[in-house]
Every structure is written in C-alpha cells, then in structure tokens.
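Presented below is the structure to which this report refers.
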Amino acid sequence: MKFSFKKVIFISAIFALHLSCEKDENSLVDIPSASSDCPEVNITIKSAEWISKYAKVYRNCSQIDGDLNVDFGPNKVSSTADFSNLTTITGNVTISGGQLGTDLIGFENLTNIGGDLALYLSDLDTNIDALDHIETIGGNLTIVGHASKLDSNVLKGLRSIGGNFTMDNIPGLEIFDGFENLKSIGGSLILRDNAELTNIDGFDGLDFIGRDLIIKDNKGLHSVTGFNGSLELGGSLKISGNTKLEIIQGFSKTKIFNGSLEIFNNSTLQEINGFETVEQINGELLRFYNNPKLHTIPSFNSLHTVGGALYIAMNSMTTISGFNSLRKLNETIIGDANLTDVAGFDNLTMIEGNFSLHGKLIVKLTAFQSLRDISGRAMLSFGMMDRIDGFANLEHVGGDLIIDFGENLKVMNGLNGLKNVGGELWIWRMEHLMKLDGFASLRTVGTIVNIEGNAFLEEVNGFNALVEVGQIQIIQNPLLKTIDGFQSLVTLKSTLNIYQNPALTAINAFSNLESIGGGLDVSGCNALKNLDGFSNLKYIGGSLNIAQNTVLKNITGLNKLSEVKEFINIKFNSSLTSLDGLEHLTSEVQGITISYNNVLNSIDGLNNIGSVVNGIEFSNNALLSQCSISLICKHQNEGKITYFSNNATGCTEVYCVN
C-alpha cells in the first residue's frame, strides 16, 4: 500500500500550530476577540475550540510570524479548514498524532515555511494534497512514524529544502518516486529504516544536496533507480544495510561528490550501474565493501579525482576494470575472493598511501602499468598467477613491500624497475616460487629484506644493485640450495641471518660485503660446507653465531674478519674440524662459546683475539684436546671465567690449561 506523502505533509503543517502561545499552550485568553494583525507568536493547537476561536480572529491572515504546532491526537483537533488564507509561516511547523482519518484541507495556499516541517505520525490515513503548493521549506523536512499512503505526486510543488530531508521508520511506505520538482536540499537527504519500502525512484530533477545522501537499513528495499538529474552532492553518498537491495541504477549525470561514495553491507546487492559521468569524489573514501553478491561495479572511466581511499573488498566481483582517468590515489585496497582479473588504471602514476592487492583466484593482472610511486606500504597477495605482471614501471615504495601467499607464483621478475623500498621487503609463503632473480634495479631497502617460508624456493639471485639495507634475513626455505647476488652490497646496517635452510649448499653472495652493523647468524643449514661467500667481511657489530650446520667443514671464508663487537658462538657443527679463518680477528669480544662440535680438534684460530670481557666456554667437543692457547691463559690470569666440560683429555677442566 502506498503512503500518501501529501497527506502526511499537510498534517505536518497543522501540527506546527502547537508551538504557539508560550505563556500557556492551552489558553484561549491569548487570542484577542478581534484583530487586524496576524499573530506574531508561536501557536499551539490542541482542541477544536482553539481552531474555532482562531478562525474568528485571524481568518484573513496570510502569515504567521512564529511556529505552528498541531496535535491530531484523540479528542483534539479534527479539522483545519480555517487556515485557507495562510501563505507563509516564518517559523517551524510540526504535525503529530494520527487519529484524523479525513482529508486535510485549509492549507492549499501555503507556499512558504521559514523553518522546519516535521511530521510525527502514529496511524495516519489522511490525504495531504493541501500541502502540494508548498514551494520552500527553509529548515528541515522530517517524516517519522506510520503511514498508509504516500503517492508519487506528494509535495509536487516543493522546490527547495534549506536543511535536512529525513524519512525515518515509516512502515507503510512502499514506493518512493515523487519530488520531481524538488531542485535543492541544503542539508542531507536521509531515507532510513523504512521496512516496507521497495523502490526509490524519482528525484530526477534534484540538482543539489548540500550534505549527505544516506539510504540505510531499509529492510525491504529492492532497487534504487532515481537521482538521474545533474546532481551535485556536497557531502557523501552512503548506501548500507539494505538487506534485500539487488540493484542500484541511477546517478547517471552526477559529476561531483564532495564527500565519499560508500556502498557497503548490502547482503543481496548484485549490480551497480550508472555513475558513468562521475569526475570527482573529493571525500575520504570510495568504498564497495561487504556486498557478498555484488559481481559488477561501474567502470568510473570519467573519474579523475579521489580525495581519499579506494576500498574494494569482500564482494563477489570477478573482474575490476576502468578507472582509466585516475592519475593519483590515496590508500588503495583491492581484494575479493572471486577476483580473477584486474585491469584498467592505465594512467595511474602515484598512490599517496598504502596499497593492498590480494585475491587467491587472480590469474591476470594488466592494471597499474603506469604506476611509479607508492608512498606507503604495498602488500601483494596472489593465488593463481605464475608471475607478477602489471608493475613494470614501479620505482618507489615508501613503506613496506610484502609479497606473500603466491600459491602458483613460480618466478619473481615483474619488479625489475623497482629502485627503492623505504621499509621492509618481505617475500614469503610462496608455495611454488622456485627462483628469486628479480629486483635488478633495487638500490635501497630501509629496514629488512626478508625471504622466508617459501616451500619450493631453490635459488636466490638478483639484488645486484642493492647498496643500502638495514637487515637481511633468509630463513625457513626448506629446498633452498644456493644464495647468489647482492654483489654491490658493501655495508649492512644491521644483522644478516641465514638459518633453517636445510638444503643450502653454497652462499656465493655477499662477496663484496665488508661490514655488518649487527650480527651474523648462519644456523640450521645442514648441507652447507663452507662460508666462502664472506671473503671480504671485516667487521661484525654484533655477534657471530655459527650453529647447527651438520656438514660445515671449515670457516676459512671469514679469513678477513678482524673485529666482532659482541659474542662468538660456534655450536653443534658436527663436521667442523678447526676454527681456522678467524686468525685475523684481533678485537676485544664480549664472550666465546665453543660447544657440541663433535670433530673439532683445533681452536688456534682464536689465538689473536685481543681480549674477552666476559666468560669463555668450551664444552662437549669430543675431539678437542689442546686448549692451551695464549688467549685462554691470559683470560685465566686476569681471573675471568673459563669453563671446560666434556672435551677430550687435555681440555676437560680449567686446571689442565697452563
């Protein structure tokens, strides 16, 4: 059943009479017995007696300079026919109640309301055609409550609303397709919580909304097909929580949204059309989010400006295309579970914020070919792609670059134009990546290069232009055999960690590396036989840790190392026979632990260390029998801690060392 909006608005005008006579709202004393002047006070009408008295005194008045409040409650007002000469009410008009059951008459000549028009309805079935001549409402238009009729021609004379237009909680409202002459709403248009509303059409003549357009929580709404005029929106468009909404098709001539465009949490929404002329979205967000059946969005090929973030996620889209006029974006997040193809963005050169692109089913990525600069973090997560395409011209990432969950990614060669990463570079959890040989132009990484947890990775190469990085970590890659590249790296600011790579046989990288600001840790590499890749390393600012490398036979690749600032830990290397390679180490160290090296028989490589600040430990080295080196004797003579345990005879306790 349609709810007659005209009837509702007429009641609104009447109810506003209630706000009059602030001295005593039920008093008739304030109404003179005769007057040539129109009232200049607020008027409240709650009884038929009051209406009769008003008619005798003010029948010829065309204007009320104040508010009008009318209450159609039980035993109160039943007719408003005596307002037929009224054309203007300068204040607010409020109409409440809903026991009338007859047509509203008497306001046929009312054209202007200076303040608000508010309708608070309980069970109204009243024709309000008398309000059809209202042209302007200076304040807000509000309709709240029950109604059984609201036809498409309601308030057909209304041209402008100075404030907000709100329709809230009107269960009888089914179709909303009027207001064809309405040109301007100075505030927001809010259509909310109308449970029986099925379609929003009309508003095609609306040129301007000063603030937001909100369509929210209308549980029966199936379609939005209006707003096809040249609408300029001063605020945001937000369509959300409409649980039966299936299609949005409108806004075909709108060019500017000065706020955000957000369509989210509409559980049955399948299709969005229109918006083809939108050029600017100047607000904080362009968002299509959590519409689980949405499979298509407009191309937005006229859109050249987005003032805030682009957020497309948790929908059912398989393809995203368009956006070809955009040159710059702020934070950008794109990721749908069914997404297979991302195209468009042909002229996008900069993202001033974070960028996230993820989709387990993505097989084709031709977008972002012109993208050069991402000022924030970039996260790339792919499923079915076997290579990274689409970023051929990317040169700079200001934050972290994280590439993960590449279930089918086999080669990493799509980022060879990248020159700088301001934060961390993570390559991890690539289930089929076999060779890492990209990043040919990468010169600087702000914090860390982390290559971790890539189940089938066999070779690390590339990074040959890298000259500056904080930390390098290559860990938990079970099939990794060789590490090459990094040939331009001379100084590492922080630590170098290579551990838990059980198939690693050779470290040929880092041959020009001279200084590590933090520690060097080579551990858990059970196929590694030597450390020849560190042939020019001279300085370690942290600790040297060599542990759990079961076939490591020598460490002679460290033969230029002259300074270790912290500790030396060499443990659980069951094939290591000597510490030769450390003989040029002359600096003071904080401590030394040599333990569980089953075939170690010589520690002469330690003999040139300047001094040891803390303790020295030799334990569980089954073949180590000669510990009488000058370093240990000097340490003992200084009264510092030395600990010997479970070594061979001759190196079982401190007293055997002279």
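The values are calculated or read from the model by the stated rules, or taken from the named source; none is laboratory data. Owing to the predicted nature of the structure, the values given are computational and were not obtained by experimental measurement. When we count neighbours, we look across all protein chains shown, and the Cβ atoms used for this are built from the backbone with ideal geometry, even at glycine. The accessibility values were calculated without ligands, DNA or RNA, using every heavy atom of the protein model including side chains. Shrake-Rupley method; radii C 1.70, N 1.55, O 1.52, S 1.80 Å.
Quick notes
- Other-chain or far-sequence residues with amide H under 5 Å of Ile143's (modelled H): Leu119, Thr166, Met167, Asp168
- Whole-Hz Karplus values for region 254-261 come out as 6, 10, 10, 10, 7, x, 8, 10 Hz, taken residue by residue from phi with 6.51 cos²θ - 1.76 cosθ + 1.60 and θ = phi - 60°; glycine and proline positions read x.
- Residue-wise HN-Hα coupling along region 212-226, computed from phi with Karplus coefficients 6.51, -1.76, 1.60 (Hz; x: Gly, Pro): 9, 10, 10, 10, 9, 6, 8, 5, x, 5, 9, 8, 10, 10, x
- Rounded to the nearest 20 debye, the dipole size of region 288-443 about its Cα centre is 120 debye, using +1 on the Cβ of Lys and Arg and -1 on the Cβ of Asp and Glu.
- Distance from region 573-633 to region 506-571 (C-alpha centre basis), Å: 15
- Among the protein heavy atoms of region 181-248, carbon and sulfur supply 41% of the accessible surface, probe 1.4 Å, non-protein parts ignored.
- In this structure, the amide hydrogen of Leu213, modeled 1.01 Å from its nitrogen in the peptide plane, lies closer than 5 angstrom to those of Leu189, Ser236, Leu237, Lys238, counting only residues at least 5 positions away or on a different chain.
- Point-to-point label distance, Phe208-Glu588, nm (Cα→Cβ direction, 7 Å offset): 7.8
- Checking (i) 91, 72, 42; (ii) 81, 81, 62; (iii) 128, 52, 33 against the coordinates, the calculated Cα extents along the principal axes in Å falls under label (iii).
- Residues whose placed amide H lies under 5 Å from that of Ile185, excluding near-sequence neighbours: Ile161, Phe208, Ile209, Gly210
- Shape call, region 575-658: gyration tensor on alpha carbons, a/c limit 1.5: oblate
- Over 18 Å between alpha carbons, listed pairs Lys328/Lys364; Lys183/Lys244; Lys219/Lys293; Lys435/Lys481; Lys538/Lys634; Lys216/Lys255: Lys328/Lys364; Lys183/Lys244; Lys538/Lys634; Lys216/Lys255
- Once the 1.4 Å probe is applied to the protein heavy atoms, the chain comes out at 37 Å² accessible per residue.
- Ordering of 159-165, 296-302 by packing is 159-165, 296-302, highest average first (other Cβ atoms within 10 Å, averaged per residue).
- Helix-only CD estimate at 222 nm, as mean residue ellipticity for the chain, using -39500 (n - 2.57) per DSSP H run (n ≥ 4): -1500 deg cm²/dmol
- Sorted on the mean count of surrounding Cβ atoms within 10 Å across their residues, most packed first, peptides 495-501, 207-213 read 495-501, 207-213.
- Portion, in percent, of the accessible area of region 348-447 that falls on carbon or sulfur, probe 1.4 Å: 49
- Distance from the Cα centroid of region 305-358 to that of region 451-501 is 31 Å (rounded to whole angstrom).
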